[in-house]
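Notes to accompany the following structure.
The values are calculated or read from the model by the stated rules, or taken from the named source; none is laboratory data. Here the structure is a predicted model, which means the values were calculated and not measured. Quick reminder, even Gly has a Cβ in these numbers, built from the backbone with ideal geometry, and neighbours come from all protein chains shown. Surface areas here come from the heavy atoms of the whole protein model, side chains and all, with no ligands, DNA or RNA. Shrake-Rupley method; radii C 1.70, N 1.55, O 1.52, S 1.80 Å.
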Amino acid sequence: MAHECTASQAERLGKAVRLKTITMAGEDPAADPGYAEFLAMERLLRDEFPRAAAALRWEKLGSLALLLSWEAVEAGAPAGRAAGPGGAARPAPPFLFYAHSDVVPAADASSWTHPPFSGEVSDGCIWGRGTLDDKGILMALMEAVEALLAAGVRPSRTLYIAIGGDEELLGTRGASVIVKALADRGIRLGCVFDEGSVIAQGAVPFVSKPVALVGVAEKGFLNLEVSVTGKAGHSSMPGRGTAAGALSRVLAEIEKRPFPLRLTPTVAGFFKAIAPHASAPMGRLFRLLRPLWPFLKGTLSASAAFDAQVRTTQAATMLRAGVVPNVLPAEARGVVNIRILHGDTVEGVIERVRAKAARVMPKGFTLKIAPLPGGDANGPIPEARMPAGLWEELASAVQDAVPDAVTAPFLVVGATDSRRFTGITDGIVRFMPALLTEEHIGLLHNVDERISLENYGRMISYYTRIMRWAGNSVPGSRSG
Ligand SMILES: [Zn+2]
């Protein structure tokens, strides 16, 4: 097939999969027995991509972050700047391509068709943990750099490849360290590319064509700890109930009162993009979504996927109270995981939940609602402001990958490592150009994670094209 990667590209991704770079939870990653796998990954990248090893600057930042700099070569201008008209130097903000090398464990190894860390190439796929999340992107980025170096390309703006090793945990030793290093150097990025969404087949209702869901905005994230304290005692004389019962009422009330539905510009833009491709009469309705919103919102929000696009969601995910059946628990605690829509804030969300909970709290108990300690909260990440021409280039690269695909701006509801970059860029793109069905997307973090040779080939072509464009799209630059 037209997009298939080469056998050697597949084999290199297989090698990366064979390294068990499982996210390490401890305080000191370098002291973890699993750390050797991360060091082996660094060696593998240098060994398999010798041109990149020679031409790029490799910096190890702390124990789990790697920053590869492919410096701009514009004559007479420092890195990250290009000569503008009249010879005046003006900034050409660098682009950064992010990937993470860590993977989630594969607990159920025996139920995999091919062992999770085999990296086997079979049935048109490369198999194993990390092929979709996120070693596929990592290795595709390196393949792109290597190919461009082989072709003699010299970028007119600096391109970074940034690799974090703890995305599946918190990103504090990976992405955060990279962001801090760049910020300390006074660098602002023109654009950051990360994982986050895909070219979805059959996932968008009423649209039969594949839809490239280009993640241009991201919801905020908050783990809210809700705790109720009361008196311990014997369960034969409970009085007016228990902390466990009070907490249950609070959580039930929170669940009963969802956040309001709201059509944000990003989501309106998504419907505008897909409307011409939706089956009648839905295409008409999508086109008129804004005026019809008051009438349509209730029906549309019946779908959990749609609902998550148009409101701040809240999900009680953890509960703990009591240790034995016949003792009143002195304390009951729960966690509500909240994904914050644009227009809401972390503080506003906490206030709202507090107000709802207070209405149903029985007397004699104390309620406390606060962000989960150590759980990291952030507000919604605004929609990307793209450098001129980039959106058109992305859409065109998507057409190359999947000719009948529709490209649409998309709100990513999960949290990505790229959110760490908000302080040093206005343009974050969360997108992997792989054509996936919902079933295939379900393989992420799951048994039989794999990527087709065709999709991997698409990713390599896409990143090669975007990097070439990025390196050439500097005002006043010559083609590389
Ligand atoms: Zn990932």
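Quick rundown of the values:
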read-out: Computed label-point distance, nm, for sites A302 and R57 using a 7 Å Cα→Cβ extension; value: 5.8
read-out: Rounded accessible area per residue of the chain, 1.4 Å, Å²; value: 42
read-out: Cα gyration tensor shape for the stretch 248-376, rounded if a/c is under 1.5, else prolate or oblate; value: prolate
read-out: Computed over the stretch 376-470, Cα set: Rg, Dmax in Å; value: 14.8, 41
read-out: Dipole magnitude of the stretch 195-253 about its Cα centre (Cβ charges: Lys, Arg +1; Asp, Glu -1), debye to nearest 20; value: 260
read-out: Cα-based radius of gyration of the stretch 201-260 once divided by 2.2 N^0.38 Å, which approximates compact folds; value: 2.08
read-out: K256, K209, reordered so the largest accessible area comes first (probe 1.4 Å); value: K256, K209
read-out: C-alpha center-to-center spacing [the stretch 228-267, the stretch 378-419] in angstrom; value: 38
read-out: Angle between the chain longest axis and helix 453-472 axis [Cα atoms, degrees, rounded to 10]; value: 70
read-out: Relative packing of peptides 222-232, 110-120 - highest average C-beta neighbours within 10 Å first; value: 222-232, 110-120
read-out: Highest-first arrangement of 405-417, 355-367, where packing means the average Cβ count within 10 Å; value: 405-417, 355-367
read-out: Sites K368 and M237 - FRET efficiency at Förster radius 25 Å, r taken between beta-carbons, to 0.05; value: 0.45
read-out: Along each principal axis, Cα extent of the chain, largest first, Å; value: 81, 58, 51
read-out: The chain, helix-only ellipticity at 222 nm - DSSP H runs n ≥ 4, -39,500 (n - 2.57), divided by all residues, nearest 500; value: -10000 deg cm²/dmol
read-out: Acute angle (nearest 10 degrees) that the helix 289-300 long axis makes with the longest principal axis of the chain, alpha-carbon atoms; value: 60
read-out: Approximate spin-label separation E253-V447, in nm, with each point projected 7 Å along Cα-to-Cβ; value: 4.3
read-out: Ranked packing of 422-433, 32-43, most packed first, by mean Cβ within 10 Å; value: 422-433, 32-43
read-out: Angle between the chain longest axis and helix 346-360 axis [Cα atoms, degrees, rounded to 10]; value: 20
read-out: Whole-Hz ³J(HN,Hα) from phi, Karplus 6.51 cos²θ - 1.76 cosθ + 1.60, for the stretch 173-183, glycine and proline x; value: 9, x, 3, 4, 5, 5, 4, 4, 4, 5, 4
read-out: Against the rule of thumb 2.2 N^0.38 Å, how large the Cα Rg of the stretch 105-219 comes out; value: 1.33
read-out: Once the Cα gyration tensor of the stretch 304-413 is diagonalised, semi-axes √(5λ) in Å; value: 43, 16, 12
read-out: Share of carbon and sulfur in the accessible heavy-atom surface of the stretch 249-310 [1.4 Å probe, %]; value: 64
